[in-house]
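The values are calculated or read from the model by the stated rules, or taken from the named source; none is laboratory data. The shown structure was predicted, so the numbers you read here are calculated from the model rather than taken from an experiment. Reconstructed Cβ throughout: ideal geometry from the backbone, glycine too, with neighbour counts over all protein chains shown. For the accessible areas, the whole protein counts, side chains as well, though only heavy atoms, and no ligand, DNA or RNA atoms are used. Shrake-Rupley method; radii C 1.70, N 1.55, O 1.52, S 1.80 Å.
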Amino acid sequence: MKEKELRRSLAVLPIGTVMKLANLTARQIRYYEEQGLSHPERNAGNRRMFSLNDVDRLLEIKDYLAAGINIAGIKEIYAQQQQKAKQQAADLARPLTDNDVRQILHDEFLNIGGFKSKHGPEFPTH
DNA sequence: ATTCTGACA
DNA sequence: TGTCAGAA
(Lines give C-alpha, C1' and ligand atoms only; values in the text may rest on other atoms or scores of the structure.)
Protein backbone atom coordinates (compact mmCIF):
# COMPACT_ATOMS: atom_id res chain seq x y z
CA MET A 1 0.00 0.00 0.00
CA LYS A 2 3.08 2.21 0.05
CA GLU A 3 4.50 1.24 -3.31
CA LYS A 4 1.52 2.95 -4.88
CA GLU A 5 2.13 6.26 -3.17
CA LEU A 6 5.70 6.14 -4.37
CA ARG A 7 4.69 5.76 -8.01
CA ARG A 8 2.15 8.56 -7.74
CA SER A 9 4.81 10.92 -6.52
CA LEU A 10 7.32 10.05 -9.22
CA ALA A 11 7.82 13.11 -11.43
CA VAL A 12 7.95 11.64 -14.92
CA LEU A 13 5.55 13.75 -16.97
CA PRO A 14 6.70 16.70 -19.12
CA ILE A 15 4.43 19.73 -19.29
CA GLY A 16 3.20 18.75 -22.74
CA THR A 17 1.66 15.54 -21.38
CA VAL A 18 0.19 17.33 -18.39
CA MET A 19 -1.42 19.89 -20.68
CA LYS A 20 -3.38 17.11 -22.37
CA LEU A 21 -4.21 15.22 -19.18
CA ALA A 22 -5.53 18.29 -17.37
CA ASN A 23 -6.82 20.31 -20.31
CA LEU A 24 -4.79 23.30 -19.23
CA THR A 25 -2.51 25.57 -21.27
CA ALA A 26 1.21 25.73 -20.47
CA ARG A 27 0.59 29.33 -19.47
CA GLN A 28 -1.93 28.31 -16.82
CA ILE A 29 0.17 25.45 -15.48
CA ARG A 30 3.20 27.74 -15.10
CA TYR A 31 1.08 30.48 -13.58
CA TYR A 32 -0.32 28.20 -10.86
CA GLU A 33 3.22 27.23 -9.96
CA GLU A 34 4.19 30.88 -9.93
CA GLN A 35 1.41 31.43 -7.41
CA GLY A 36 2.73 28.65 -5.21
CA LEU A 37 -0.21 26.33 -5.80
CA SER A 38 1.79 23.50 -7.40
CA HIS A 39 5.42 22.49 -7.13
CA PRO A 40 6.54 20.31 -10.03
CA GLU A 41 10.16 19.14 -10.00
CA ARG A 42 12.79 20.26 -12.51
CA ASN A 43 15.04 17.98 -14.50
CA ALA A 44 18.65 18.61 -15.44
CA GLY A 45 17.56 20.86 -18.27
CA ASN A 46 15.31 23.03 -16.06
CA ARG A 47 12.26 21.39 -17.61
CA ARG A 48 9.26 20.92 -15.29
CA MET A 49 8.55 17.25 -14.50
CA PHE A 50 5.16 16.33 -12.97
CA SER A 51 4.00 13.32 -10.97
CA LEU A 52 0.47 11.93 -11.03
CA ASN A 53 -0.09 13.68 -7.73
CA ASP A 54 0.95 16.92 -9.38
CA VAL A 55 -1.64 16.31 -12.09
CA ASP A 56 -4.31 15.68 -9.46
CA ARG A 57 -3.34 18.90 -7.73
CA LEU A 58 -3.69 20.78 -11.03
CA LEU A 59 -7.13 19.29 -11.60
CA GLU A 60 -8.06 20.29 -8.08
CA ILE A 61 -6.95 23.86 -8.69
CA LYS A 62 -8.92 23.83 -11.90
CA ASP A 63 -12.06 22.76 -10.03
CA TYR A 64 -11.67 25.39 -7.33
CA LEU A 65 -11.27 28.04 -10.00
CA ALA A 66 -14.33 26.73 -11.82
CA ALA A 67 -16.18 26.89 -8.49
CA GLY A 68 -15.51 30.61 -8.39
CA ILE A 69 -12.62 30.56 -5.89
CA ASN A 70 -9.73 32.87 -6.76
CA ILE A 71 -6.01 32.15 -6.43
CA ALA A 72 -5.85 33.82 -3.03
CA GLY A 73 -8.72 31.68 -1.80
CA ILE A 74 -7.10 28.48 -3.00
CA LYS A 75 -3.90 29.49 -1.25
CA GLU A 76 -5.80 29.82 2.00
CA ILE A 77 -7.43 26.44 1.56
CA TYR A 78 -4.06 24.75 1.15
CA ALA A 79 -2.62 26.80 4.00
CA GLN A 80 -5.32 25.52 6.33
CA GLN A 81 -4.84 21.97 5.12
CA GLN A 82 -1.14 21.92 5.90
CA GLN A 83 -1.94 23.63 9.17
CA LYS A 84 -4.19 20.78 10.21
CA ALA A 85 -1.58 18.33 8.98
CA LYS A 86 0.91 19.79 11.41
CA GLN A 87 -1.63 19.63 14.22
CA GLN A 88 -2.20 15.95 13.55
CA ALA A 89 1.53 15.35 13.46
CA ALA A 90 1.79 17.00 16.84
CA ASP A 91 -1.03 14.84 18.20
CA LEU A 92 0.77 11.73 16.99
CA ALA A 93 3.91 12.77 18.83
CA ARG A 94 2.09 13.82 21.99
CA PRO A 95 3.43 12.46 25.26
CA LEU A 96 1.37 9.97 27.27
CA THR A 97 -1.38 11.50 29.32
CA ASP A 98 -2.74 10.19 32.60
CA ASN A 99 -5.62 8.63 30.70
CA ASP A 100 -3.17 6.82 28.42
CA VAL A 101 -1.46 5.35 31.46
CA ARG A 102 -4.78 4.23 32.93
CA GLN A 103 -5.70 2.59 29.64
CA ILE A 104 -2.37 0.78 29.50
CA LEU A 105 -2.67 -0.48 33.07
CA HIS A 106 -6.24 -1.54 32.38
CA ASP A 107 -5.15 -3.54 29.33
CA GLU A 108 -2.33 -5.11 31.30
CA PHE A 109 -4.82 -6.21 33.88
CA LEU A 110 -7.06 -7.82 31.27
CA ASN A 111 -4.13 -9.61 29.66
CA ILE A 112 -2.99 -11.07 32.94
CA GLY A 113 -6.51 -12.32 33.43
CA GLY A 114 -6.25 -14.14 30.11
CA PHE A 115 -8.35 -11.69 28.13
CA LYS A 116 -7.38 -10.17 24.81
CA SER A 117 -7.30 -6.38 24.52
CA LYS A 118 -9.27 -5.15 21.55
CA HIS A 119 -7.26 -1.95 21.52
CA GLY A 120 -4.65 -1.32 18.86
CA PRO A 121 -1.47 0.78 19.22
CA GLU A 122 -2.80 4.20 20.15
CA PHE A 123 0.11 5.71 22.02
CA PRO A 124 3.85 6.35 21.44
CA THR A 125 5.84 3.19 22.05
CA HIS A 126 9.03 4.95 23.14
C1' DA B 1 10.53 19.34 -31.75
C1' DT B 2 9.79 21.07 -26.77
C1' DT B 3 10.01 23.94 -23.01
C1' DC B 4 11.68 28.15 -20.47
C1' DT B 5 11.50 33.12 -19.06
C1' DG B 6 10.07 37.66 -19.74
C1' DA B 7 7.13 41.09 -21.69
C1' DC B 8 2.94 43.44 -23.59
C1' DA B 9 0.63 45.92 -29.74
C1' DT C 1 -4.80 34.53 -20.06
C1' DG C 2 -3.04 34.75 -24.89
C1' DT C 3 0.94 35.16 -27.54
C1' DC C 4 5.35 36.33 -29.44
C1' DA C 5 10.51 36.52 -28.97
C1' DG C 6 15.07 34.62 -28.05
C1' DA C 7 17.56 30.99 -25.80
C1' DA C 8 18.46 26.22 -24.15
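Report in % the part of the accessible area of chain A that belongs to carbon and sulfur, leaving out ligands and nucleic acids; probe 1.4 Å.
The nonpolar share, carbon plus sulfur, comes to 55 percent.
May I ask for the equivalent-ellipsoid semi-axes of chain A, computed as the square root of five times each C-alpha gyration tensor eigenvalue and listed largest first in whole Å? Each step should come with its number before you reach the end.
Numbers: eigenvalues 397, 65, 32 Å².
Over the Cα atoms of chain A, the semi-axes work out to 45, 18, 13 Å.
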(Q) With a 1.4 Å probe and all protein chains left in place, how much accessible area per residue does chain A have, in Å²? (A) 77 Å²
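Could you calculate the contour length gain from A:E33 to A:D107, that is, 0.36 nm times the residue separation minus the distance between their Cα atoms, to one decimal place in nm? All intermediate terms of the calculation are to be shown ahead of the outcome.
Working: separation 74, 0.36 × 74 = 26.64 nm, distance 5.06 nm.
This chain segment gains 21.6 nm when fully extended.
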Q: Mind giving me the nanometre distance, one decimal, between the label points for A:R7 and A:N46, set 7 Å out from Cα along Cα→Cβ?
A: 3.4 nm
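Protein chains only, probe 1.4 Å: how do A:M19, A:M49, A:M1 rank by accessible area, largest first?
So the residues, ranked largest to smallest area, are A:M1, A:M19, A:M49.
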**Q.** Added length on full extension, which subtracts the Cα-Cα distance from 0.36 nm per residue, A:L21 to A:Q83
**A.** 19.4 nm
Q. How long, wide and thick is the range A:21-92, going by the Cα atoms along their three principal axes, in whole angstroms, largest first?
A. 40, 34, 19
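Which longest run of chain A has no exposed loop site in it, a site being trypsin sites (Lys or Arg not before Pro) in a DSSP loop with at most 14 other beta carbons within 10 Å, and the site itself not part of the run? The partial results should precede the final answer.
Details: sites that count: A:K2, A:R47, A:K116, A:K118.
That would be A:48-115.
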**Q.** Listed residues A:V55, A:M19, A:N99: farthest to the positive end of the dipole of chain A (Cβ charges)
**A.** A:M19
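Relative to the Cα centre, what is the charge dipole magnitude of chain A, using +1 at the beta carbon of each Lys and Arg, -1 at the beta carbon of each Asp and Glu, and rounding to the nearest 20 debye?
Values: 19 positive and 16 negative charges, 124 e Å.
The dipole of chain A has a size of about 600 debye.
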Q) Projected onto the charge dipole of chain A (+1 at Lys/Arg Cβ, -1 at Asp/Glu Cβ, origin at the Cα centre), which of A:I29, A:A79, A:Y64 gives the Cα projection farthest towards the positive end? A) A:I29
